[in-house]
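**Student:** Mind looking over this structure? Questions follow.
The values are calculated or read from the model by the stated rules, or taken from the named source; none is laboratory data. Values in this document were obtained by computation on a predicted structure and should not be read as measured data. Note that each Cβ is placed from the backbone with ideal geometry, even for glycine, and that neighbours are counted across all protein chains shown.
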Amino acid sequence: MSNTPAFPAASLLGYPRIGRRRELKKAVESFWAGRIDEAALDAAAKEIQLGTARRLVELGLTDAAAVPGTFSYYDQVLDAITHLGAEPARFGALRNAAGELDLNAYFTLARGSAEVQPLEMTKWFDTNYHYLVPEIGPETNFAATSNRIVEQFEYALANGVETRPYLVGPVTFLLLSKASDDAPAGFNPLSRLEDVLPVYAELLSRLAAAGATWIQLDEPALVADQDIPTAELQAAVARSYSVLAADGERPAILVSTPFGALTELLPTLAQAPIEALHIDAFKGALPSPAELALLAGKTVVAGVVDGHNIWRNDLAASAARLDVLKAAGLNVTVSTSTSTQHVPHDAAEEAQLPAELRSWLAFADQKATEVVTLAAYLGDPASSASAIAEATAVIASRAAAAGVKRPEVRARLAALTTADFNRSAYAVREAAQEQALHLPPLPTTTIGSFPQTSEIRSARARANKGAITGEEYSQLMKDEIKRVVELQEELDFDVLVHGEPERNDMVQYFAENLEGFDVTVHGWVQSYGSRCTRPSILWGDVTREKAITVEWAEFAQSLTQKPMKGMLTGPVTILAWSFVRDDQPLGDTANQVALALRDEIADLEAAGIKIIQVDEPALRELLPLRRADQPAYLDWSVNSFRLATAGAGDGTQIHTHLCYSEFGVIIDAIDGLDADVTSIEAARSRMEVVNDLETHGFGRGVGPGVYDIHSPRIPGQAEVTELLGTAVQHVPARQLWVNPDCGLKTRGYAETEESLRNLVAATKEVRAQL
Ligand code: GLN
Ligand code: ZN
């Protein structure tokens, strides 16, 4: 690098890539189904990329490299895997004749095949986005195995927009990796740093040759506490960026560090010969004056606009933060705290929302405007005075709006005592439940949803449009429930579910039936791959005006002698998968939701439901990235679950469901939920979790999943028998339940039926040997 190009005054760290109308989802799923070919998929992808570039330029991101090149067909970590030659050996030969990991290889890694399980998936920092976990070992054959990032850059450039290519940075890439199957015990993927750096260097030089002036290397792992000593981490960061920033053809380097403050790594990055450092200047405190002094000579990309939530920015507060950075003599530019891939495209599209609520919101496009306004403020404070004053006025109107604070909700919360958070001792409950339920050993159940067929979705769409009446819709859902109950009877499940056909989404359904929430029409965000969710907006105090699930549960129970599980979504998950008000502690909001659920549980019990599952798949997701912040989080989150469930009678069996297998860190908290039965993900991680359960001495019911529902693959009976065999070696059989990893809503009926049949057959086989 000889002359450092100026970093754009206003930029976004990343932008949604699914398309404003989920065009990518449609194209990718059509490609998988064989309805379109690769050329058509490529054309759809290009249209989205170009649409994004043009939109952001129109919104004022006009400087070169201001538009983030964050498009991805599936996942940014998978992009890194395919660019670095990091495909696991267990997939066999995936590289094509040119030595590249092409699009077919890419999707095979993501989705698996008849012979191979896909890469494991886990949550990206404290978001609801899932990435694919790299598997690295001594055998990983790092090489530049894809040129897609370069081609994408060239395509945008040829169409008039110089983007800023994005790659997950080397340290984060290796920290997020797990050891491959072939690696020796204790192998640390970070030990391959020296081998991966030359591939990054090669990609950087190709980008420079294509004309890229900036590259963004994303290092969010540096804001999270890691399991390795800080000095080792500092050394890895220092080494990486001295290699990548060494002389030679390369773009200027921006290292981005979303999701929190850098603390220990800030001096390391400040001293590294990179040209720009992004800091999350929204969440938490700004760096100290001494730390800021270290940054002299670099461009500081200040992420003052929240990329992760949807509230309109307090521009005056952001301007004050920018002033601090500027007063330290730094070369400051303005950006978002994280990629805006975690928020929807455009609040202006939500015409159905009350105008007042809409004025409180900033989706990705509004955030682009905020960033541009703040960049103008840095250049000339007077130029943005009226925009800043308007934001201040809107924030004040939000605080005073009707429904934001309801005295009756606040009084009920203030009157709670410890008794409201505690049930009887487990032994007492266990005896009462045994009497009430008479279940066989290794009871079989599912997690709640059955496939959401196109008939169900079209019925809902017709009901929403008014093409069928509410009664007709209700009848269609009841017909579906009847089919699902009959199927489970036929398959011989022990504890049944109604299948959740009436729910568009496990959080939105409750949001639509509670006060204090609103929902969007186009507000989709990517969850993983082609899967999107539409988070609700939790803006006010929460109340339940009427029972929500009771009619369905009661109907389903009337169809069978077997116990029917009532199905609710827990308070933490309702928060995690919504956009939540930021004007009070999350724990207070969680307890408001908990009280609504507590009333629902009482109504379900009164209707004769004996088992009630309260899903908390997101408990792990909100866990703070810094250990020091974790106890306070676990305290309020666990308590909100207990507040929701502790009103249940001893004979009512409370289940919970969690969607991940990394149990270790939060096992005390999971135990603290005090649920009678806990179902968890375990199939994709091949039962690793039972070791944690055994070490911990987990004492209540537990159902480690034996069927990975995130892939179309059907587990054979022998495979399930083997998984159960592993489970009974670690967990006493009388505690064990048999269930899939998660709900079945995303699967098709053919694969589901066969998989569930194998699951029941395997259970009977293992039961016979007990
Ligand atoms: N009960 C929900 C379902 O089966 C749970 C889903 C989840 O854990 N994400 O769909
Ligand atoms: Zn789940």
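**Student:** I want to confirm something. Restricting to the stretch 674-692 and keeping residues that are within 16 Å of ligand 2 (Cβ to nearest atom) and of a type in the set (D, E, K, R), which single residue is modelled with the lowest pLDDT?
**Tutor:** Within the stretch 674-692, the first condition is being within 16 Å of ligand 2 (Cβ to nearest atom), and the residues that meet it are 675, 677-685, 689.
Right, trim to of a type in the set (D, E, K, R) and you get 681, 684.
Numbers: Glu681: 91, Arg684: 79.
Restricting to residues being within 16 Å of ligand 2 (Cβ to nearest atom) and of a type in the set (D, E, K, R), the top hit is Arg684.
**Student:** Given the criterion touching a Cys at 6+ places or on another chain (Cβ under 9 Å) and of a type outside the set (Val, Ile, Thr), identify the matching residue among Ser458, Ser449.
**Tutor:** Of Ser458, Ser449, the one residue that is touching a Cys at 6+ places or on another chain (Cβ under 9 Å) and of a type outside the set (Val, Ile, Thr) is Ser449.
**Student:** Something else now. For residues that are surrounded by 21 or more Cβ atoms within 10 Å (Cβ to Cβ) and not hydrophobic (A, V, I, L, M, F, W, C), scanning just the stretch 659-673, find the one that is nearest to ligand 2 (Cβ to nearest atom).
**Tutor:** In this case the residue turns out to be Tyr660.
**Student:** Related question: For the stretch 679-694, how many residues are assigned to a loop (DSSP other than H, G, I, E, B) and either away from ligand 1 (no atom under 16 Å from the Cβ) or of a type outside the set (S, T, N, Q) (or both)?
**Tutor:** Qualifying residue count, the stretch 679-694: 7.
**Student:** So is Arg700 in contact with a Phe, Trp or Tyr (Cβ under 8 Å, 6 or more places away or on another chain), under 28 Å from His438 (Cβ atoms) and away from ligand 1 (no atom under 16 Å from the Cβ) or not?
**Tutor:** Details: in contact with a Phe, Trp or Tyr (Cβ under 8 Å, 6 or more places away or on another chain): yes; under 28 Å from His438 (Cβ atoms): yes; away from ligand 1 (no atom under 16 Å from the Cβ): yes.
Taking the combined requirement at face value, the residue satisfies it.
**Student:** Take the residues in the stretch 528-568 that are within 16 Å of ligand 2 (Cβ to nearest atom) and more than 30 Å from Arg21 (Cα to Cα); name whichever of them is nearest to the chain's Cα centre (by Cα).
**Tutor:** Of everything passing the filter in the stretch 528-568, Met567 is nearest to the chain's Cα centre (by Cα).
**Student:** Which ones in the stretch 277-300 are touching a residue at least 40 places away in the same chain (Cβ under 8 Å) and under 16 Å from Leu222 (Cα atoms)?
**Tutor:** Residues satisfying the conditions are His278, Asp280, Ala281, Lys283.
**Student:** Can we say Ala644 is touching a residue at least 60 places away in the same chain (Cβ under 8 Å) and either part of a helix (DSSP H, G or I) or of a type in the set (Ser, Thr, Tyr) (or both)?
**Tutor:** Yes, satisfied.
**Student:** Taking the stretch 500-523 only, how many residues are over 12 Å from Ile548 (Cα atoms) and assigned to a helix (DSSP H, G or I)?
**Tutor:** 1
**Student:** What are the pairs, 6+ residues apart or on separate chains, where a residue within the stretch 615-630 that is free of Cβ contacts under 8 Å to residues at least 40 places away in the same chain and under 22 Å from Ile601 (Cβ atoms) has its Cβ under 8 Å from a residue that is in a loop (DSSP other than H, G, I, E, B) and within 11 Å of ligand 1 (Cβ to nearest atom)?
**Tutor:** So the pair list comes out empty.
**Student:** If you check Val525 against the conditions, is it within 16 Å of ligand 2 (Cβ to nearest atom) and either buried (at least 21 other Cβ atoms within 10 Å of the Cβ) or basic (Lys, Arg) (or both)? Full working, then the answer.
**Tutor:** On the way: within 16 Å of ligand 2 (Cβ to nearest atom): no; either buried (at least 21 other Cβ atoms within 10 Å of the Cβ) or basic (Lys, Arg) (or both): yes.
So Val525 does not fit the description; no.
**Student:** Sticking with this one: Looking at the stretch 679-698, which of its residues are in contact with a Pro (Cβ under 9 Å, 6 or more places away or on another chain) and either on the phi < 0 side of the Ramachandran plot or surrounded by 24 or more Cβ atoms within 10 Å (Cβ to Cβ) (or both)?
**Tutor:** Of the residues in the stretch 679-698, the ones in contact with a Pro (Cβ under 9 Å, 6 or more places away or on another chain) are 679-684, 687, 689-690, 693.
Within the stretch 679-698, Ser679, Ile680, Glu681, Ala682, Ala683, Arg684, Val689, Val690, Leu693 qualify.
**Student:** A further question on this structure: Here is a check on your reading of the model: is Tyr707 of a type in the set (Phe, Trp, Tyr) and surrounded by fewer than 23 Cβ atoms within 10 Å (Cβ to Cβ)? Let's see the steps before the verdict.
**Tutor:** Details: of a type in the set (Phe, Trp, Tyr): yes; surrounded by fewer than 23 Cβ atoms within 10 Å (Cβ to Cβ): no.
So Tyr707 fails the test.
**Student:** Report yes if Thr695 is of a type in the set (Ser, Thr, Tyr), within 24 Å of Phe641 (Cβ to Cβ) and at pLDDT below 95, otherwise no.
**Tutor:** Details: of a type in the set (Ser, Thr, Tyr): yes; within 24 Å of Phe641 (Cβ to Cβ): yes; at pLDDT below 95: yes.
Against the criterion (of a type in the set (Ser, Thr, Tyr), within 24 Å of Phe641 (Cβ to Cβ) and at pLDDT below 95), Thr695 qualifies.
**Student:** Tell me the residue from Ile149, Ile215 that is assigned to a helix (DSSP H, G or I) and within 26 Å of the chain's Cα centre (by Cα), please.
**Tutor:** On inspection, the qualifying residue turns out to be Ile149.
**Student:** Given the structure, is Ala387 over 30 Å from Asn758 (Cβ atoms) and either of a type outside the set (S, T, N, Q) or not in a helix (DSSP H, G or I) (or both)?
**Tutor:** yes
**Student:** Report the residue count in the stretch 166-206 for those that are assigned to a strand (DSSP E or B), within 22 Å of the chain's Cα centre (by Cα) and not basic (Lys, Arg).
**Tutor:** 3
**Student:** I'd like to verify a number: residues in the stretch 402-416 that are surrounded by 14 or more Cβ atoms within 10 Å (Cβ to Cβ) and assigned to a helix (DSSP H, G or I), how many?
**Tutor:** 3
**Student:** Those residues that are over 24 Å from Thr678 (Cβ atoms) and in a loop (DSSP other than H, G, I, E, B), I need them from the stretch 432-466; list them, please.
**Tutor:** Our first condition is that a residue be over 24 Å from Thr678 (Cβ atoms); within the stretch 432-466, this holds for 451-466.
The answer is Pro451, Gln452, Thr453, Gly466.
**Student:** Write out, first by first residue and then by second, each pair whose Cβ atoms fall under 6 Å of each other, whose residues are 6+ apart or on separate chains, and whose first residue, in the stretch 553-573, is farther than 19 Å from Ser474 by Cα while the second is basic (Lys, Arg) and more than 16 Å from ligand 1 (Cβ to nearest atom).
**Tutor:** Cβ pairs passing all conditions: Pro563/Lys610.
**Student:** Select from the stretch 390-401 the residues that are under 29 Å from Pro8 (Cα atoms) and in contact (Cβ under 8 Å) with a residue 24 or more places away in the chain and write down the one among them that is surrounded by the fewest Cβ atoms within 10 Å (Cβ to Cβ).
**Tutor:** So the residue we want is Thr392.
**Student:** Could you please tell me which pairs satisfy a Cβ distance under 6 Å, a separation of 6+ or placement on different chains, a first residue in the stretch 453-472 that is under 15 Å from Asp505 (Cα atoms) and in contact (Cβ under 8 Å) with a residue 40 or more places away in the chain, and a second residue that is surrounded by 13 or more Cβ atoms within 10 Å (Cβ to Cβ) and of a type outside the set (D, E, K, R)?
**Tutor:** Ile456/Pro501
**Student:** Let me ask something additional. Taking Ser180 as meeting all but one of (1) without any contact (Cβ under 8 Å) to a residue 60 or more places away in the chain; (2) more than 28 Å from Arg250 (Cα to Cα), write down the number of the exception.
**Tutor:** It is condition (1) that Ser180 fails.
**Student:** Can you confirm whether the stretch 64-72 contains a residue that is more than 19 Å from Asn141 (Cα to Cα), modelled with pLDDT of 95 or more, surrounded by fewer than 16 Cβ atoms within 10 Å (Cβ to Cβ) and among the polar types (S, T, N, Q)?
**Tutor:** no
**Student:** While we're looking at this one, here's another question. Quick one: which strands (runs of 3 or more DSSP E) sit completely within the stretch 258-369 and have at least 3 residues that are touching a Leu at 6+ places or on another chain (Cβ under 8 Å) and not β-branched (Val, Ile, Thr)?
**Tutor:** Strands (runs of 3 or more DSSP E) meeting the threshold: 276-280.
**Student:** Would you confirm whether or not the stretch 261-268 contains a residue that is in contact (Cβ under 8 Å) with a residue 40 or more places away in the chain and touching a Ser or Thr at 6+ places or on another chain (Cβ under 7 Å)?
**Tutor:** no
**Student:** Can you tell me which residue in the stretch 35-80 is nearest to the chain's Cα centre (by Cα), limited to those that are hydroxyl-bearing (Ser, Thr, Tyr) and not in a helix (DSSP H, G or I)?
**Tutor:** Tyr74
**Student:** Related question: Can you tell me how many residues in the stretch 737-770 are assigned to a loop (DSSP other than H, G, I, E, B), aliphatic (A, V, I, L, M) and within 16 Å of ligand 1 (Cβ to nearest atom)?
**Tutor:** 1
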